[in-house]
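The values are calculated or read from the model by the stated rules, or taken from the named source; none is laboratory data. Predicted model only: the values in this text are computed from it and were never measured. Heads up, the Cβs are rebuilt from the backbone with ideal geometry, glycines too, and the neighbour counts pull from every protein chain shown.
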C-alpha cells in the first residue's frame, strides 16, 4: 500500500500482488542461544532503541499464552495503524459467528415463467468455473431460453469500496470492489508483449468482453535488449480509460497485469451470459437488479469451500477481498437498519464478538475488514487479547492454522529462514507505507507458548530494515527457555 495520489501511476509490482505479500526479507542466520525471560526486556530494547529507529513509534506486547502473563510491554495500549494485522480481528469474528463449516451460497431462482434471478451472497471464491456449473444445472433442468435474466446485487448493501481507502488502493487489484456477486475476485487480466524496438507494446486481453469496456491509450514502447522494464498503468476516475506507459525490453517475457473491475455486477452478468451461451441457453433480456425480488423456486446453486479454507486464504495470502467479504457476511447476525450498510452492521457484530472474546472495546477503532484503511487504529494489546481469546475458543485450531508459518507459508514463507523461529511461529503480517506489523503465536520448544504483537508506525527507514528488526525480536522469543 502506498501514498495517495489522484492519478497514480500504478507500478506493475503493486498490481500483481497484495502489498503484504512482498515480505521476503529473511532474518540473518544466527546460532541458537538460550534467553531467560528476565533478559527479554533488555534484548528488545536494544533493538528498538537503535539510533535509526529514533523517530519511529514502536508498540510491543509479549505474553505467555496460559496463564496470561506479560513478559514485555511497550506502548501496548496505544493506537497504531495495523495494516493487514487487522485481519486477525476480522477472521476471529467470522469464525466465531459463522463457524468453520459455513459456506457461501449463490442461487438461481425462477420467479415466473421464463424469468430467472441470480442471487449472490458475497462469495469471494466464486469463479467462472462455478458459473459454468450453474449454467449446466439449468440446462439439465430443461432451461433452453431465458426471457429475462436478473442478477440480484442487493444482498450486500452499501458502497463496493470503503470510502476511506486511498486512490491507489481502489485502482489496484488488492483493492477490488466487494458486492453480492463477486466473480474472479472482481479482477480482470491482460498481458503486455514487446514487439520490435520502438513500437508500442501489444495489449492482449484474457476477456474480450472486458476489453470492450475500456478505451486504451497506449503510450508504451518496446525498448532495446536487456533494458530494465518500467510499466505504469493509470485509470481515470470514471473507470473508462486505461493509460499504459513505460517500456519493456524487446527480449523480455510478457508482463501480466491484474486490475479491479469497475462495475462488478455488470461484470458478473456478462460472464454468466457467456456461461449460459456455452450450454446453448438463449437469454433475451438481462439486467442488474436495483431492488429486492420475490424468489420462488431455486433451480440451481453452488456453494463456496468451507469457511475454514476461506479464512486460510485471507490470512496466509493476506487477501483483502476475502476479509472484506467476511465483514459483510457477519452482518446477517443482526437486524440491519434501513439506512445501514452491510459493512457497518458487520463492524457492530465484530465489536460485540471481540468483546465476548475478552478484547477491550476501547483498545481499537476499525472501519474495514482488511486493514487497507488508514483510519483503522488498533493497539498491540487488542491483537494480543484477540490471539488469547481465540486460543481458548472452539475455532482455535482453524484460526491458528490459517496463519502463515515462519519460513514455510504465505507472507512468512521467505522470512525467518534458518533461524530458531522457522516452523514454530504462526503470525499475521501487515505492511503499508510507514507501517510494519506482525502478531501471532510462538511455539517455543524450550518454553511455554507465547502470543506477541509488534507494531511500528511513522517509519522513516526502508521497510526491509524495520522488518528485519522485528524478526530479530521474534527470533529472541523463539529462543526463550525456563530459567
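Given the condition modelled with pLDDT of 95 or more and over 30 Å from residue 302 (Cβ atoms), answer yes or no: does some residue in segment 83-97 qualify?
Yes, segment 83-97 has at least one match.
Got a sec? Which of 40, 71 is touching a helix residue (DSSP H, G or I) at 6+ places or on another chain (Cβ under 6 Å), under 28 Å from residue 418 (Cα atoms) and at pLDDT 95 or above?
Exactly one residue qualifies, and that residue is 71.
Residues to consider are 116, 88, 126, 134; find the one that is buried (at least 17 other Cβ atoms within 10 Å of the Cβ), under 30 Å from residue 165 (Cβ atoms), touching a strand residue (DSSP E or B) at 6+ places or on another chain (Cβ under 7 Å) and not assigned by TED's automatic domain parsing to the domain that holds residue 342.
126
Do we find a residue being over 21 Å from the mean Cα position of the chain (by Cα), more than 11 Å from residue 406 (Cβ to Cβ) and part of a loop (DSSP other than H, G, I, E, B) anywhere in segment 424-441?
Scanning segment 424-441 turns up no residue that is over 21 Å from the mean Cα position of the chain (by Cα), more than 11 Å from residue 406 (Cβ to Cβ) and part of a loop (DSSP other than H, G, I, E, B).
Can you tell me which residue among 309, 298 is within 15 Å of the chain's Cα centre (by Cα) and surrounded by fewer than 16 Cβ atoms within 10 Å (Cβ to Cβ)?
Values: 298 fails: within 15 Å of the chain's Cα centre (by Cα).
Within the list 309, 298, the selection yields 309.
Among the residues of segment 171-198, count how many are surrounded by fewer than 23 Cβ atoms within 10 Å (Cβ to Cβ), touching a helix residue (DSSP H, G or I) at 6+ places or on another chain (Cβ under 6 Å) and assigned to a loop (DSSP other than H, G, I, E, B).
Selection size over segment 171-198: 1.
Only one of 353, 419 is surrounded by 18 or more Cβ atoms within 10 Å (Cβ to Cβ), out of contact with any strand residue (DSSP E or B) (no Cβ under 8 Å at 6 or more places or on another chain) and not in a loop (DSSP other than H, G, I, E, B). Can you tell me which?
Exactly one of 353, 419 is surrounded by 18 or more Cβ atoms within 10 Å (Cβ to Cβ), out of contact with any strand residue (DSSP E or B) (no Cβ under 8 Å at 6 or more places or on another chain) and not in a loop (DSSP other than H, G, I, E, B), namely 353.
Any idea which residue in segment 390-409 is farthest from the chain's Cα centre (by Cα), counting only those that are surrounded by 21 or more Cβ atoms within 10 Å (Cβ to Cβ) and assigned to a helix (DSSP H, G or I)?
Looking at residues that are surrounded by 21 or more Cβ atoms within 10 Å (Cβ to Cβ) and assigned to a helix (DSSP H, G or I), I get 390.
Assess whether residue 161 counts as being surrounded by fewer than 22 Cβ atoms within 10 Å (Cβ to Cβ), part of a loop (DSSP other than H, G, I, E, B) and under 15 Å from the mean Cα position of the chain (by Cα).
It is true that residue 161 is surrounded by fewer than 22 Cβ atoms within 10 Å (Cβ to Cβ), part of a loop (DSSP other than H, G, I, E, B) and under 15 Å from the mean Cα position of the chain (by Cα).
Using the structure shown, decide if residue 65 is outside the structural domain of residue 266 (by TED's automatic domain parsing) and either under 23 Å from residue 154 (Cβ atoms) or modelled with pLDDT under 95 (or both).
Yes.
Please verify whether residue 60 is part of a strand (DSSP E or B) and either within 27 Å of residue 386 (Cα to Cα) or at pLDDT below 95 (or both), treating the condition exactly as stated.
yes
Inspect all residues belonging to segment 175-189 and state whether any of them is at pLDDT below 95 and more than 30 Å from residue 331 (Cα to Cα).
yes
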